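Inspection log for the structure reproduced underneath, given as structure tokens.
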Amino acid sequence: MLVYVAILMVYLIGAGLMTQISREWSWKELIAFSFLIGIGVETFFMFVIDSLGFHFNYIVLFVAGFSVVIGCYDRLYDYWMAKKKDINLGSWSLSTLNYPAVLLGSVILYMFYIITQKNLFWPTLEHDAIGTFDKLGRVMAHEGVLKVSLFKYDLQGAGGIYPPLFHGAIAYLHLYGDMQHKIITTLFFISLLLGFYAICRKYVSSIIALFFTLLLEMVPELYSHAALLLGNLPTAAYVGNAALVLFVWLQTGERRYFIMSCILTALSLWIRNDTIGFALAGGLIIALFSTGKKWREAGVYLASALLPFIIWTLYLKFKIQTNQSSRFVDHLGAINSGKLTLMLNYILSYFSWIQYGKMAPGIQLYGLTFMLSFLLILINVIYLRTKKIKDDKPYILLFLMVSFGIYFMIFYLIDETKQNAPISSLMESSFKRGMFCFIPPLLYYVATSRVVTNIANRIEKFRTGKEVALRTDATV
Amino acid sequence: MAEVTKQKPITDSQVLRRNLVVTFVLMFILLALYVTIPGYNYAIKDVAIGNKQRIDQIETRRLNFNMPELKMEDKFLFRLEDYWYIKFIVENTPDSAVVLLPPLHAIDTSAEFNSLNDPEYMEYFLYPRLCVSEDQRETKKDLYARATHVCIVNGWGYDKLKWSPKSRPTEDVLPIMEEPKKAPAKGPTSPIKPGFFLTDSTANKSPNIKP
């Protein structure tokens with residue numbers, strides 16, 4: 001029972017901080033992002049308490065969180081008074097109901113229910129969760145510190161050098177209810193799907209938004225991860241939502257989305273340091289495509305994103321006394337063409353139906369995500385002709401290309417000897433799962449592309465008999 | 001940009017018919033994706049529905065046999081082939097123990113025990129005890145020297161003892177130094193592999209799970 005109180009506290013912290021930024025968030029955006037922010041704040045409290053030399057427990061964290069909620073109470077109350085009227089089904093009738101949307105929504109909810117049932121029924125069974133994340137979470141909850149005793153005997157596991165958001169979140173739930181901690185994966189999954197839908201819905205019809213949300217939900221490998229206690233899905237929730245709100249800011253200029261993007265990008269570096277490529281790509285597109293004080297805004301964005309990276313690097317160096325760069329090569333040297341060819345072959349496999357190595361091909365792992373997206377991008381380019389492609393959110397394509405390039409380089413620079421694993425093994429595990437982060441922005445680009453929105457408009461026109469123009473101000 | 005609409009005369013029944021047409025086309029598209037794309041087929045048939053059926057079977061059998069709600073330990077026993085042995089280690093060693101795990105060569109022919117050699121994995125179950133593998137005797141000398149108990153697996157480990165036990169089962173966990181006779185152990189004196197679920201056509205024997 002206490003674990004549900006803990007979860008509610010997380011949402012209230014996040015909602016309180018979001019209402020400090022703005023009261024214009026829709027309910028979907030509030031629910032999706034408040035969990036991501038709230039759990040980040042709680043793990044930050046753990047970090048601060050640990051750094052000051054104290055031990056944390058559920059009472060200390062509850063009081064800290066409650067203080068934040070009390071501090072934000074006025075804004076929360078104003079938001080509730082302003083937005084409670086939006087909680088209604090609106091006027092509808094069986095004859096004019098949007099049946100395609102009902103079908104899609106039902107499928108999304110049913111598949112979500114099934115995977116959640118699996119997630120909550122079985123205990124932690126994944127090797128990485130047992131070897132690192134859940135183990136660290138349990139021990140952190142028991143000992144009340146981040147630098148647990150396991151570090152002394154090198155028993156912490158490979159994820160011991162990761163920033164503390166994910167295993168800190170597990171520890172947070174262990175503090176309140178030991179056996180219910182797997183619910184954390186479900187909550188991250190909700191944030192991922194709801195955040196994606198909320199942003200898409202601002203620009204496209206409900207049918208298209210729900211269809212692409214279903215495509216996101218049913219990415220086979222991602223869907224499997226919704227029943228596992230691993231950090232890749234939560235990372236995708238942070239990176240995906242951070243990218244989407246950044247794109248919304250570039251499109252609309254609404255300041256709240258810029259602030260939200262800074263916060264979510266910072267938290268994506270608080271969950272995994274190898275998301276730095278997305279932060280750098282985000283800074284680049286701000287510098288190139290934003291209006292107003294480009295370089296100042298890019299600087300603010302990068303500074304807020306890199307702050308957790310720097311804090312954690314210093315903590316690793318001075319408290320845990322290990323070095324993150326210890327897994328990378330000491331010097332660049334000549335291009336390793338064998339390694340490069342192997343990596344490119346794996347990437348080709350992930351983007352297509354071609355099998356390489358022992359790994360299933362992309363059509364098995366990611367479904368149609370990449371193939372359909374590349375096809376629709378190609379059609380969009382042909383449809384718009386080359387000149388007009390520059391008018392259809394080119395910053396998203398640039399963001400994807402730059403972040404993927406950096407992500408590729410990070411893996412290329414890993415020293416196989418220090419990592420104690422061949423590159424093929426890394427490509428078939430970490431790289432494969434890290435691809436989740438690219439899926440939300442890619443699907444968002446395709447869903448809001450001119451060719452898809454034109455198809456959506458034709459469907460709406462046929463379905464309702466009304467001609468509907470593009471919407472940019474939807475609040476629900 | 002405000003929403004721009006142009007009203008065309010269309011009745012509610014026409015809207016309903018058109019909605020249903022779009023719905024059926026959408027159902028056909030979703031079905032086509034499920035049938036033709038192996039990834040979606042796997043996600044829906046195996047990950048989703050297959051697991052749901054499995055959970056439903058387990059719950060049905062539990063209710064049919066009037067068993068109490070399954071605890072997490074029962075679920076570990078069902079899904080991890082070596083959990084019965086891990087549980088035995090936990091029940092027969094004190095919290096302060098440093099457990100010596102078998103080397104890879106002692107377990108590499110037994111699929112059932114293939115996680116026992118991994119201290120990072122085993123620590124999850126054994127904490128607050130510590131554990132060290134025989135393969136780490138050179139890399140973790142301090143911890144190796146502090147070992148208090150040995151995992152006897154496939155008959156390996158008796159040579160690590162400083163005393164000679166009367167019986168030598170192939171699986172056991174014993175203190176390195178002979179302990180004085182005390183109250184009986186919490187669990188059975190030798191680990192017993194459980195037979196909770198009878199094998200039947202649905203094959204309840206579960207493989208050791210490796211992601």
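The values are calculated or read from the model by the stated rules, or taken from the named source; none is laboratory data. Nothing here was measured: the structure is a model prediction, and the numbers come from that model. Virtual Cβ from ideal backbone geometry, glycine too; neighbours counted across all protein chains shown. To get the accessible areas, we keep the full protein, side chains included, count just its heavy atoms, and leave off ligands, DNA and RNA. Shrake-Rupley method; radii C 1.70, N 1.55, O 1.52, S 1.80 Å.
Set the bar at 30 Å for Cα to Cα. Now go through A:432/B:52; A:294/A:390; A:182/A:339; A:317/A:358; B:87/B:140; A:182/A:432 and name every pair that lies beyond it. Listed pairs above 30 Å: A:182/A:339; A:317/A:358.
On a 1.4 Å probe surface of the protein chains, which of B:33, A:94 comes out largest in accessible area, and what is the full order? Intermediate results must be reported in sequence, preceding the final value.
Working: B:33 30, A:94 115 Å².
Result of the area sort, largest leading: A:94, B:33.
Of the whole protein surface, residue A:448 contributes about 10 Å² of accessible area at a 1.4 Å probe radius. Extension gain, residue B:63 to residue B:16, is 12.4 nm, computed as 0.36 nm per intervening residue step minus the present C-alpha separation. Assuming charge only on the beta carbon of Lys and Arg (+1) and of Asp and Glu (-1), the dipole of region A:101-231 about its Cα centre is about 260 debye to the nearest 20.
Can you tell me the convex hull volume per residue for region A:214-290, based on C-alpha atoms, in Å³ to the nearest whole number? Display every interim value, and only then the final one.
Values: hull volume 7.7 nm³, N = 77.
Output value, Cα hull per residue: 100 Å³.
Computed on protein heavy atoms with a 1.4 Å probe, the accessible areas place A:417, A:322, A:275 in the order A:417, A:322, A:275, largest first. Between residue A:353 and residue B:111, the distance separating the two model label sites (each 7 Å from Cα on the Cα→Cβ line) works out to 3.1 nm. Largest first, the extents of the alpha carbon coordinates of the protein assembly as shown on the three principal axes equal 94, 59, 58 Å. Between rounded, prolate and oblate, where does region A:1-140 land on the alpha carbon gyration tensor, with a ≥ b ≥ c its root eigenvalues, rounded for a/c under 1.5, else prolate if a/b exceeds b/c? Since a/c reaches 1.5 but b/c is at least a/b, the shape of region A:1-140 is classed as oblate. Excluding same-chain neighbours fewer than eight residues apart, the aspartates and glutamates reachable from residue B:75 by a Cα-Cα span under 18 Å are A:126, A:134, A:178, B:56, B:59, B:91, B:112. Over the Cα atoms of region A:336-476, the radius of gyration divided by the Kirkwood radius equals 1.08; this is the Rg/Rh ratio.
What 222 nm value per residue comes from the helices of chain A, counting each DSSP H run with n ≥ 4 as -39,500 (n - 2.57) and dividing by all residues, nearest 500 deg cm²/dmol? Each step should come with its number before you reach the end.
Numbers: 22 runs with 315 residues, N = 476.
Rounded to the nearest 500, the figure is -21500 deg cm²/dmol.
For residue B:179, put the label point 7 Å out on the Cα→Cβ axis and report which residues of region B:82-109 keep their amide N under 20 Å from it. So the set is B:84-102.
Taking the Cβ of residue A:357 as the centre, find all other residues whose Cβ is under 11 Å away and add up their charges (Lys, Arg: +1; Asp, Glu: -1).
Working: positive: A:358, A:432; negative: A:428.
So the environment of residue A:357 carries a net charge of +1.
Candidates A:97, A:124, A:107 compared by Cα position along the dipole of region A:80-139: farthest toward the positive end lies A:97, with charges placed on Cβ. Within the straight-line cut-off of under 15 Å between alpha carbons, the aspartates and glutamates reachable from residue A:202 are A:24, A:29, A:254, A:473, B:3, sequence neighbours fewer than 8 places apart in one chain being disregarded.
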